[in-house]
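The values are calculated or read from the model by the stated rules, or taken from the named source; none is laboratory data. For clarity, every value in this text was computed on a predicted model and none was experimentally measured. Glycine gets a Cβ as well: all are built from the backbone with ideal geometry, and neighbour counts include every protein chain shown. Ligands, DNA and RNA are stripped out before the accessible areas are found, and what is left, the full protein with its side chains, is counted by its heavy atoms. Shrake-Rupley method; radii C 1.70, N 1.55, O 1.52, S 1.80 Å.
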Amino acid sequence: MSKIGVIFDLDGVIVDTAKYHYLAWKSLADHLGFEFTEAHNELLKGVSRVRSLEILLDIGNVQLSEQRKQEILISKNEEYLGYIMKMNADEILPGAEKLLNTLDDLGINYVLGSASKNAELILKQVGLYHRFYGIVDGNAVSKAKPDPEVFLIGAKKLNMPPKSCIVFEDAIAGIEAANIVNMTSVGIGDKDILIEADFNFNSLTEIPEDFFSRFLSEKN
């Protein structure tokens, strides 16, 4: 049994579905009569679907009834699902499969820790579902990041204490969640944005060959 475990966020780390979320949210904003930009979309990274809608409505200064919000959430998700049903292995981000192979070779278990309620479907579409030791997604948690609930459940699935878990994240909220429970946080993306991460890489392709070996040696 390895002395460390790894938790991966999904969007922006393993695959890039942010572009599909953006298209679906933009379509909604267009319908409601205001502009929703890619910069606005950055505010929704790592955020639950309900909170994302609240942020979007704030941007457009639009107020809706709770019933209308629920109708919109269903409609948005249906449009988003239409995009991800067309996904395939070509959409796995560079370095992801090589990294999973490295973890397999080292005997390190890894799970998914994502806010997405469509995480299982996405992993199946790109052919990676069978690779993960466990899946923790938006259907399994009641609190969104930066609450660390999703990562704490992931640690339990790995049978590891939080301090022995390494989290790969592309969102500020995810880095905060990992740091709150003393997990090692690895920011994937702009280091000036993910400034609170313990380690920063622009993409998974930049991770050194001995990155995990060093953690294992420290635990021995």
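Worth a mention:
- Sparsely packed loop sites in region 1-32 (the chymotrypsin sites (Phe, Trp or Tyr not before Pro) outside DSSP H, G, I, E and B with at most 10 other Cβ atoms within 10 Å) do not occur.
- For region 1-114: rounded, prolate or oblate by the Cα gyration tensor [a/c cutoff 1.5]: prolate
- For region 77-168, the solvent-accessible area of protein heavy atoms averages 46 Å² per residue (probe radius 1.4 Å; ligands and nucleic acids excluded).
- The structure-derived value of mean projected area of the Cα convex hull in nm² appears in the list (1) 11.6; (2) 12.2; (3) 13.0 under the label (1).
- Potential lengthening between Leu64 and Ile180 on full extension [0.36 nm per residue; Cα-Cα distance subtracted]: 38.4 nm
- Sparsely packed loop sites in region 1-82 (the trypsin sites (Lys or Arg not before Pro) outside DSSP H, G, I, E and B with at most 16 other Cβ atoms within 10 Å) comprise Lys3.
- Separation between Cα centres of region 49-127 and region 147-220, rounded to whole Å: 19 Å
- Rounded if a/c under 1.5, otherwise prolate or oblate - region 16-71, Cα gyration tensor axes: prolate
- Note on Asn159 and Leu121: with the Förster distance fixed at 35 Å, the Cβ-Cβ geometry gives a FRET efficiency of about 0.85.
- Of all accessible heavy-atom area on the chain, the percent that carbon and sulfur account for (1.4 Å): 48 percent
- Normalised contact order of region 91-137, rounded percent, pairs of Cα under 8 Å and 6 or more residues apart: 44 percent
- Two-site FRET efficiency, Asp104 against Ser142, from Cβ-Cβ distance with R₀ of 45 Å, rounded to 0.05: 0.90
- Per residue, the Cα convex hull of region 120-216 amounts to 113 Å³.
- Chain lengthening between Glu218 and Arg131 when straightened (0.36 nm per residue, less Cα-Cα): 28.7 nm
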